[in-house]
1. Can you go through Ala38, Ala22, Ala76, Ala31 and tell me which one is small (Gly, Ala, Ser) and under 11 Å from the mean Cα position of the chain (by Cα)?
2. Please list, ordered by first then second residue, the pairs with beta carbon atoms under 6 Å, 6 or more apart or interchain, first in the stretch 1-17 and surrounded by fewer than 19 Cβ atoms within 10 Å (Cβ to Cβ), second assigned to a loop (DSSP other than H, G, I, E, B).
3. Cβ-Cβ under 8 Å, sequence separation 6+ or interchain: first residue in the stretch 65-86 and of a type in the set (Asp, Glu), partner surrounded by fewer than 19 Cβ atoms within 10 Å (Cβ to Cβ). Which pairs?
4. Quick one: count up the residues across the stretch 18-29 that are in contact (Cβ under 8 Å) with a residue 24 or more places away in the chain and either crowded, with 19+ Cβ neighbours inside 10 Å or closer than 19 Å to Ala76 by Cα (or both).
Amino acid sequence: MELPLIGIGVLLSLEEDFQTCAKARIVLGVAGPTPMRAYDAEKRLTGKKITEDLLKTAGKTAAEESKVRDSVRGAAWHRKEMIRVQVRRMGLKCLDIIRNNR
């Protein structure tokens, strides 16, 4: 059986200006006892112009919100780092997809 080290999902909806976040959803799996939303990280994005720095801040916030723990599959510090990095990367990918398909 293969089990994930971490699971992360990011959804961004932009306003008509294609810069301002209308809605953000960040979901974390294997980051606590049950899947969870990173509400504070979502709030950091909603209503603001999405930039790489803002996504970096949201990633840091999501990592801090997580309830990861050490296990035989991975250390908590590594999982937090993966959340921090991947939230930013996935947010940038969302922006790329949105802007290239308008």
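1. Values: Ala22 fails: under 11 Å from the mean Cα position of the chain (by Cα); Ala76 fails: under 11 Å from the mean Cα position of the chain (by Cα); Ala31 fails: under 11 Å from the mean Cα position of the chain (by Cα).
That would be Ala38, the only listed residue that is small (Gly, Ala, Ser) and under 11 Å from the mean Cα position of the chain (by Cα).
2. Final answer for the pair search is Pro4/Val30; Leu5/Arg73; Gly7/Val30.
3. Glu65/Met36; Glu65/Tyr39; Glu65/Asp40; Asp70/Ala76
4. Step one: list which residues in the stretch 18-29 are in contact (Cβ under 8 Å) with a residue 24 or more places away in the chain, which gives 18-22, 24, 26, 28-29.
Within this subset, residues satisfying the condition of being either crowded, with 19+ Cβ neighbours inside 10 Å or closer than 19 Å to Ala76 by Cα (or both) are 21, 24, 26, 28-29.
Adding up the residues that qualify gives 5.
No lab work stands behind these numbers, since they all come straight from the coordinates. Everything numeric here is computed off the predicted structure, so don't read it as measured data. Don't worry about glycine lacking a Cβ; one is built from the backbone with ideal geometry, like all the others, and counts go over all protein chains shown.
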